[in-house]
Amino acid sequence: MGVERYLETVRHDPVRLRAFMLDLPKGGDLHSHLSGAASTELLISLAAQDGLCIHTTTFVAAAGPCGAGQRPAADTSSDPAFRRAVLMAWSMEGFQAGQGESGHDHFFATFGKFGAVTDYRLRYRDLKTLARTGLDHAFLDGASLWRSPDTFVPATPCARDRLAAPHPGPGCRTFLAGSPKASLQWQQEARFAAFEHRYR
């Protein structure tokens, strides 16, 4: 992708990198941190891609090589039980109060567990996923443009339309008109397409 190549050429040029980032379409958050905007599944995937290790008791991610009591984050793709344990440690999924830890404490402890994941070089597709996810989880009325959270496959009314087309079909137009969230997501996709065209 041309955008990926361009990002790599400006990564160490602060002036050009700033211009690129200002031009990048954003999600629905007014203020956002990677650690709070990314889905836990994305964080797990990024940990695996970056060759991180995860402690099997504390579930704290750290740079490799893995030592005693650690497993490669990549193991989450082949071991469903390990993946589920990491998912529960790094998010509120499956959390039940009364097990010696409050919801408040569990929530804020997650950031220290996956902190190493957010300290690395993001690619354009990661930035795009974060922007899409931010808008998908924004407090906006209406249904999401996406079939299910974080898949970025259009919902049935728009599934046959070219994503971000200026003139979607009648079913998709009706869907977008009835959902402020989906309408903004469609507009965001148009901004992504224009942005990617500029950086070919």
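The values are calculated or read from the model by the stated rules, or taken from the named source; none is laboratory data. All values derive from a computational prediction rather than experimental measurement. Using ideal geometry, Cβ is built from the backbone for each residue, glycine included, and neighbour counts are taken over all protein chains shown.
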Subject >> Unmet criterion (only one of (1) under 30 Å from Ala61 (Cβ atoms); (2) outside the structural domain of Ser91 (by TED's automatic domain parsing)) for Thr156 >> reply: (1)
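Please work out if Gln96 is in the same structural domain as Glu4 (by TED's automatic domain parsing), at pLDDT 90 or above and either surrounded by 15 or more Cβ atoms within 10 Å (Cβ to Cβ) or among the polar types (S, T, N, Q) (or both).
Taking the combined requirement at face value, the residue does not satisfy it.
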**OP:** Name, by its number, the condition in (1) of a type outside the set (Lys, Arg); (2) closer than 17 Å to Leu7 by Cα; (3) touching a residue at least 12 places away in the same chain (Cβ under 8 Å) that does not hold for His197.
**Re:** (3)
Original post:
Looking only at residues in the stretch 14-44 that are more than 16 Å from Arg198 (Cα to Cα) and among the aliphatic types (A, V, I, L, M), which one is modelled with the highest pLDDT?
Top reply: Ile44
Subject >> Among (1) on the phi > 0 side of the Ramachandran plot; (2) surrounded by 13 or more Cβ atoms within 10 Å (Cβ to Cβ), the one test that Gly169 misses >> reply: (1)
Original post:
With Gly178, Gly171, Gly134, Gly112 as the choices, which residue is assigned by TED's automatic domain parsing to the domain that holds Gln49 and either over 29 Å from Val3 (Cα atoms) or of a type in the set (Gly, Ala, Ser) (or both)?
Top reply: Gly112
Original post:
Restricting attention to the stretch 163-178, which residues are at pLDDT 95 or above and under 24 Å from the mean Cα position of the chain (by Cα)?
Top reply: Leu176
Original post:
of a type in the set (Asp, Glu), on the phi < 0 side of the Ramachandran plot and under 18 Å from the mean Cα position of the chain (by Cα), is that true of Glu93?
Top reply: yes
Original post:
How many of the residues making up the stretch 81-133 are of a type outside the set (Lys, Arg) and part of a helix (DSSP H, G or I)?
Top reply: 29
Original post:
So, in the stretch 61-73, of the ones that are crowded, with 18+ Cβ neighbours inside 10 Å and of a type in the set (A, V, I, L, M), which residue ends up modelled with the highest pLDDT?
Top reply: Ala73
Original post:
Pro149 is checked against (1) free of Cβ contacts under 8 Å to residues at least 60 places away in the same chain; (2) within 30 Å of Ala62 (Cα to Cα); (3) surrounded by fewer than 17 Cβ atoms within 10 Å (Cβ to Cβ); (4) outside the structural domain of Leu52 (by TED's automatic domain parsing) and fails just one. What number does that condition carry?
Top reply: (1)
